Every structure is written in C-alpha cells, then in structure tokens.
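**Q** What follows is a single structure, and I will ask about it in a moment.
The values are calculated or read from the model by the stated rules, or taken from the named source; none is laboratory data. What you see is a predicted model; the values in this text were computed from it and never measured. Heads up, the Cβs are rebuilt from the backbone with ideal geometry, glycines too, and the neighbour counts pull from every protein chain shown. Side chains included, ligands, DNA and RNA excluded: accessible areas come from the protein's heavy atoms. Shrake-Rupley method; radii C 1.70, N 1.55, O 1.52, S 1.80 Å.
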Amino acid sequence: MENIALIESFSEFKDDKLIDRVTLMAILEDVFRNALKKKFGSDDNFDIIINPDKGDLEIWRNRIVVADGEVEDDNQEISLTAAQRIEPDFEVGEDVSEEVKLIDLGRRSILALRQNLISKIHEHDNTNIYKQFKELEGEIYTAEVHHIRHRAIIMLDDEGNEIILPKDRQIPSDFFRKGENVRGVIESVELKGNKPAIIMSRTSPLFLEKLFESEIPEVFDGLITVKKVVRIPGEKAKVAVDSYDDRIDPVGACVGMKGSRIHGIVRELGNENIDVINYTNNVQLYITRALSPAKVTSIKLNEEGSRAEVMLRPEEVSKAIGRGGHNIRLAGQLTGFEIDVFREGVEEDVELTEFSDEIDSWIIEEFSKIGLDTAKSILEQDMADLIKRTDLEEETVTEVIKILKSEFED
C-alpha cells in the first residue's frame, strides 16, 4: 500500500512538470537505485519495476542460496534456511528473488528519496530550459519585468522562465516598470551550477539586425541582406544593406516613405539615430557613404588597406565627425578602416569652431573672448601671453597649439 501512495505522490510531478512517461520512469529508477546503494551497498542484483501511470512499484532482490553458515555477503547471498522460509523447495546454488518493501528502507530513506526525486526533476527541467534557450541565442525574445534591481532587470516569460537584462545591456534611455513587456535578443545562455542563466541584450548590434528582419518584409524574405550593423546604443547606428535584385532599392525599402518603416525600430531603440546605407565592394565609395551626411571631396587609402585619408571642405568636417565623434567612429567600424579627416585649403586660415571635434567648446569660447577666432590668430601669439590672457592652464594651451599646428603640416 505504501508503494502505491508513494508513487501517486511522485506522479504529481509528471502532471506539474509535463515530463514524459519514459523520462519519469528513468528518473524514478535512478532515484530508487541510489537509495538501494545506500541501504545495501550495491544495486546490481535488484530489479525495479515501475508503472507511474498506475502507481505500481515493485523492487526485487536477487540472491544465491548458500549453505547455512557460509553467507559472506548478505546482499548477494542467502542461507538455505532463510531461502526455504520463502519457498520450501529451494536448494543450494539456486537464485532467490525476494520483494523489498519501501518500508524496509526506513522512513528517513523514503524522505531522502523524495527529496532526491525533486532535485532530479528540477535538474531535468533546467537541462531542458538550457537546451531550449541555447537554440534561441541570437533571436528576439519578449519577457515581462518581474523585479527591478540596481544592476539588472529580472524578467519572466509566459512559462515562468527567468530572463536577466543586465544594466550594461540596457539602452541608456531605457526605463521599465514592473509588469511591462520588454523585447531584446537572447545574447547568451550558460549553466551556473544546475541553473541556466539566460542573458538578454538590447545594446547588441544583433538586436538591431533582428529588428530589421522582423519589421521589414524584404529583409525577412531574404530579398534584402543586412551586411553589417554598428551601434552606439541609444545614440547612433549605421546599417549597411544590399540586394541581389537590381529592381529593389534596399535603402528605400528599409526606410520607407518618410521613414515610416524604420520609425518603429527607432522608437524601440529609444530614438537611436539610424543611418541606412547601400553596401558596395567599392571601398572608396563605401567609406564615402559611411561618412554620410558629410560630402567627401577625395579619399586616399594607404598601401596596407587599413587607413583612409579623407579630404573634406571645412564646413563638412563637423558633419563627418558627428556629435561626440559618433559618426566617424561608426563609419570606421562599418568599413573596417581607420579614417583620418583633413580639411581642404589648410594653407589658408581655419575658423576655430571647425576644431570643435577635437577642442572643447568652452576652450574655444575662452579664445573668442580675447578676439582669437582662427587657428593662425592663435599660432601667431606667444604661449605665455595666451595663458595670461585666457586664464587657461599651460597644458591646455599646449594641447590646443599642437592640434592647430597639425593642420598646417605637410
């Protein structure tokens, strides 16, 4: 009776965890064999018969009959007298099968057995979850915010699986409330102990690539290929796209009329500024497009093919550099080139404001206050006089002069 009751309680796990019958039987047998090893020292001579659906469990111990007084291993051998109590016809050398009741294992063993079963089922669940999410690495996933911590947001999906969105994988402008659905890409899945750690990212370039796949039908269908994505999360991104069908304008298809197609992606990324450009094998043209919206005058590539010297009109320099240097940094990452920007007409004087990408605006303002608005107007001054008149540190003035002089060097 106790066998049936115990198996019925084990069957609850089958219903709760949706474990298939074969797997449950394997787990149950493994758990019982561990209990038998602890009790008898070995389980090699035991047969375990389990039927979880009916609640049936039978454990049989097989032993060899030996003459009285010659038993050396109680688990493997049984004396003739003891065997004949089971069945009078037994003789020395025969095999005896005797049923073992669960109650014979002892109450403490039964409690440990149940706990071991719970642990094994959790381990099985965790392995399945790990395998499930390992296959989803690099794919977009949605989960609900469950708990907000300082270093991460803990989310749960519809199955109750825990997804972690670390602070450094969040877009700087992200702000989430409990119960809100969050979309990101499954970046990594690792087993820590027996528990899977599922990490989501919203800052990965792959997230933007997958958003293009999900929001733009031509990308999803393979008519347009996303060649490369580079991002400064929440600030700016550049996406190179290509199409093998000359009838399709890949940039136009991705952006849509008045930006209608890309608008949802921009909003998802906290108004991240996204430049979509046509990919090309023509390196110089590719760099020119990557530096958009700046208009490039000419490009010179070094022999190693790793550096590009780009010549621009003075008014185009700030566009090429971009706010905070974002545009030129992303253009370099997109093309794989180290890009150096040069102003046309460096033999003439250059407005100081054209150096805003290299010199802080407050320093430029200090020079403007004393009437020095161009590069040469500063270079013509005595350094000690500049320090005295602007109240700037010597180190700062030295760095400014170094930057300005580099523009006039051959």
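**Q** Considering only residues that are under 18 Å from Arg343 (Cα atoms) and of a type in the set (Val, Ile, Thr), look in region 379-410 and name the one that is surrounded by the fewest Cβ atoms within 10 Å (Cβ to Cβ).
**A** The residue in question is Ile403.
**Q** While we're looking at this one, here's another question. If I go through region 254-263 residue by residue, how many of them are open to solvent by 30 Å² or more (accessible area, probe 1.4 Å) and either assigned to a helix (DSSP H, G or I) or aromatic (Phe, Trp, Tyr) (or both)?
**A** Residues in region 254-263 being open to solvent by 30 Å² or more (accessible area, probe 1.4 Å) and either assigned to a helix (DSSP H, G or I) or aromatic (Phe, Trp, Tyr) (or both): 4 in total.
Residues are listed down the side, and each one gets a yes or a no for (1) open to solvent by less than 20 Å² (accessible area, probe 1.4 Å); (2) hydrophobic (A, V, I, L, M, F, W, C); (3) closer than 29 Å to Gln170 by Cβ:
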site	(1), (2), (3)
Gly252	no, no, no
Ile265	yes, yes, yes
Glu268	no, no, yes
Thr280	no, no, no
Val283	no, yes, no
Ile328	no, yes, yes
Arg343	yes, no, no
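**Q** I'd like the full set of residues that are closer than 25 Å to Lys227 by Cβ and aliphatic (A, V, I, L, M), limited to region 313-347.
**A** Of everything in region 313-347, those that are closer than 25 Å to Lys227 by Cβ and aliphatic (A, V, I, L, M) turn out to be Ala320, Ile321, Ile328, Leu330, Ala331, Leu334, Ile339, Val341.
**Q** Quick one: how many residues across region 276-330 are part of a strand (DSSP E or B) and free of Cβ contacts under 8 Å to residues at least 12 places away in the same chain?
**A** 1
**Q** Right, here's the next one. List the residue pairs whose Cβ atoms are under 6 Å apart, where the first residue sits in region 379-390 and is hydroxyl-bearing (Ser, Thr, Tyr), the second is in a helix (DSSP H, G or I), and the two are 6 or more positions apart or on different chains.
**A** Correct list of pairs: Thr390/Glu366.
**Q** Let me ask you something else. Kindly indicate the residue of region 52-109 that is out of contact with any strand residue (DSSP E or B) (no Cβ under 9 Å at 6 or more places or on another chain), part of a loop (DSSP other than H, G, I, E, B) and modelled with pLDDT under 80 and also most open to solvent (accessible area, probe 1.4 Å) among those meeting that condition.
**A** Lys54
**Q** Which of the residues spanning region 231-250 are within 27 Å of the chain's Cα centre (by Cα), surrounded by fewer than 20 Cβ atoms within 10 Å (Cβ to Cβ) and of a type in the set (D, E, K, R)?
**A** Glu235, Lys236, Asp242
**Q** Being closer than 20 Å to Gly336 by Cβ and crowded, with 20+ Cβ neighbours inside 10 Å is the requirement here; does Ile224 meet it?
**A** No.
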